[in-house]
Structures are given as C-alpha cells and as structure tokens.
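Asker: This is the structure I want to talk about, given as structure tokens.
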Amino acid sequence: MSRLVKNLLIILTLVSASALPSLGYAAAQTDKKPDSTISFLGTLEIPSQLEIIDMKDVFIEIIKMGEKLQEEKEAKEGSSSTGEIPKKISEENLRTALNQYDIGAYQFALKQNGSYNQAFVLAAKLPPNMKEAAGRFLGEMKTYDKKKQSELKALTEKAIQDAIASTPELKTSFSFELLEFYPFEYTKKGKLQMISAGGSMAVRTYKLIQPFAVKTYLLEKNSDYYVFAIINSGPDRKLWDNLTKEMLLKLN
C-alpha cells in the first residue's frame with residue numbers, strides 16, 4: 001500500500017474516532033422529497049434541494065488520484081522508487097474496509113435563493129458496550145433544568161480555558177469563546193426519542209476568527225443508540241437545527 005493511501009486511511013480513522021457506511025442520496029430538483037439511507041441508522045426524508053456527500057467517496061477519489069499520479073511517475077522513471085511494484089488497492093476492498101464500522105462523515109449542501117448553505121455531519125451507532133451508559137445519560141439529560149444547564153455551561157467554558165492555559169504553545173496562538181449555549185431539548189415520537197444540545201462558538205488562531213455552531217443529538221431507536229452531530233458556520237444554524245430535527249423525527 002502506498003504511503004499516500006496509508007496517510008489518508010490514518011486521517012479517516014482519526015476523523016472517525018472524533019465522533020465520526022455508506023449514504024446514498026437523490027438530488028433531482030423536483031417537488032418530490034427524495035430518500036437518503038444511512039445503512040446503520042435508517043432512511044432520512046430530505047428536501048429535493050439538499051445534497052449529501054459521503055466523505056468516504058471523497059477519500060476514495062483522492063486515494064485513486066494519488067495512485068494514478070504515482071503510477072504515472074513510476075512509468076516515467078521506468079521503475080518504482082523502492083524497486084518494488086506496489087500493489088494497487090481495489091476500490092471494492094477499500095470500501096469494505098471503511099464500511100466495517102457504523103460511523104460516517106458527510107457534507108450537507110442546501111441550495112436556495114441563489115446560494116448554498118453547507119454543514120458537516122458526523123453520525124455513529126454506539127457499540128453494545130455503551131448502551132447502558134447512553135441510556136443513563138439520556139435519562140439524566142431529560143431532567144436537567146435551566147440552573148443545571150447554566151452550571152454545565154460554566155463547567156464547559158472553564159474546562160476549555162484550563163486546557164488552553166495548561167498548554168503554553170496554545171496560549172499565544174489560540175483562544176476559544178463560547179458565544180451561546182443551546183438549551184437541552186428532549187423530543188419523543190413513537191419508539192424514537194432524542195435529546196439535543198450544543199452551542200455557538202468562535203476560535204481565534206493567530207488572530208484569525210473562525211465562528212461555528214455545533215448541535216449534537218443522542219437518539220434511542222429500537223433499543224439502539226446513535227449520535228448525530230451537525231456543524232455549520234453559525235449564522236444559518238437555525239436552518240440546520242430545524243431541518244435536522246425534522247429529518248431525524250421521520251427516520252424509517
């Protein structure tokens with residue numbers, strides 16, 4: 001396996017571990033709402049203007065391009081730089097390797113009013129050994145009143161600031177600001193129940209400001225638990241909040 005392939009697989013693994021299979025979508029511009037299926041989660045009913053891009057497809061295309069460039073380079077030089085002919089990994093084998101875990105990363109792009117709103121989505125099915133803890137967490141979050149939520153906000157801010165302060169190299173180049181802490185929201189429909197939380201934030205890296213918003217959902221469906229997180233620029237977060245909640249409540 002080429003160094004490029006190994007590096008990209010490492011990147012995908014790291015992204016997946018942070019929260020992060022295949023997602024198909026129909027993006028025909030019609031009035032009919034297409035369906036989009038996440039194999040480990042279910043089928044989402046999505047607006048016709050919404051495109052969903054599976055990041056695994058992107059990684060695979062990058063890997064294929066890297067291998068093609070490597071082949072062209074070695075053909076031009078007459079042999080591989082190592083003296084060995086590297087084995088080309090097949091797309092089928094790569095997809096099989098990437099799909100063995102119930103995790104996924106996607107880009108959502110919604111075209112409307114002559115522009116695009118975009119968001120990044122991480123989805124995962126929690127493994128069996130996390131079911132009990134997830135059930136307890138869901139139960140506890142349902143009982144959090146405004147005072148407890150305010151205390152949690154303060155603890156979150158302090159933990160982040162303490163982490164930055166304890167890392168000398170970050171103190172001069174990085175800062176974090178929690179702009180808004182979204183109240184917990186509990187919703188139940190049929191056999192599905194979910195609770196959401198999140199916030200709007202801004203980070204400064206070498207004085208450059210990057211605002212963003214995160215909304216995370218913990219779902220219980222048919223005795224299984226799922227995490228669904230959507231990250232966007234911030235100003236359009238209500239659009240994504242409403243759209244995500246509607247889609248998740250209509251899961252089949």
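Asker: With r as the distance between the Cβ atoms of residue 61 and residue 242 and R0 = 30 Å, compute the FRET efficiency 1/(1 + (r/R0)^6) and round to 0.05. Each step should come with its number before you reach the end.
Answerer: Details: r = 32 Å, r/R0 = 1.06.
About 0.40, to the nearest 0.05.
Asker: Could you order 72, 45 by accessible surface area, starting with the largest, using a probe radius of 1.4 Å?
Answerer: On the way: 72 95, 45 70 Å².
Result of the area sort, largest leading: 72, 45.
Asker: I would also like to ask the following. Taking 8 Å as the Cα distance limit and 6 or more residues as the minimum spacing, I'd like the relative contact order of segment 200-252 as a percentage. Present the calculation step by step, with values, prior to reporting the outcome.
Answerer: Values: 53 pairs, mean separation 13.5, N = 53.
RCO, segment 200-252: 25 percent.
Asker: Further question on the same structure: Each label point is 7 Å from the Cα along the Cα-to-Cβ direction; what then is the distance between the points at residue 222 and residue 149, in nm?
Answerer: Using points 7 Å along Cα→Cβ, the separation is 3.1 nm.
Asker: How high is the FRET efficiency between residue 202 and residue 130 when r is their beta carbon distance and R₀ equals 25 Å, given to the nearest 0.05? Write out the running numbers ahead of the final one.
Answerer: Values: r = 31 Å, r/R0 = 1.25.
Efficiency at R0 = 25 Å is approximately 0.20.
Asker: Would you mind getting the accessible area per residue of segment 115-252, heavy atoms of the protein chains only, 1.4 Å probe, in Å²?
Answerer: 58 Å²
Asker: For residue 191, go through the aspartates and glutamates and keep the ones whose alpha-carbon is under 14 Å away, minus same-chain ones fewer than eight residues off.
Answerer: Residue 191 reaches 220, 224.
Asker: Counting only protein heavy atoms, what percent of the accessible surface of segment 194-252 is carbon or sulfur at a 1.4 Å probe? Let's see the in-between values first.
Answerer: Values: 1550 of 2660 Å².
Reported share for carbon and sulfur atoms: 58 percent.
Asker: With r as the distance between the Cβ atoms of residue 250 and residue 159 and R0 = 41 Å, compute the FRET efficiency 1/(1 + (r/R0)^6) and round to 0.05.
Answerer: That gives a FRET efficiency of 0.70.
Asker: Please compute the length gained on full extension between residue 95 and residue 178, using 0.36 nm multiplied by the number of residues separating them and subtracting their Cα-Cα distance. Display every interim value, and only then the final one.
Answerer: Working: separation 83, 0.36 × 83 = 29.88 nm, distance 3.78 nm.
Contour length minus Cα-Cα distance gives 26.1 nm.
Asker: Determine the gain in length on full extension of the stretch residue 69-residue 45; use 0.36 nm per residue of separation and subtract their C-alpha separation, reporting nm with one decimal. Provide the component values of the computation, followed by the final result.
Answerer: On the way: separation 24, 0.36 × 24 = 8.64 nm, distance 3.92 nm.
Stretched out fully, the residue 69 to residue 45 stretch lengthens by 4.7 nm.
The values are calculated or read from the model by the stated rules, or taken from the named source; none is laboratory data. This is a predicted model, so every value here is computed, not measured. Note that each Cβ is placed from the backbone with ideal geometry, even for glycine, and that neighbours are counted across all protein chains shown. Surface accessibility is based on the protein's heavy atoms, side chains included, excluding ligands, DNA and RNA. Shrake-Rupley method; radii C 1.70, N 1.55, O 1.52, S 1.80 Å.
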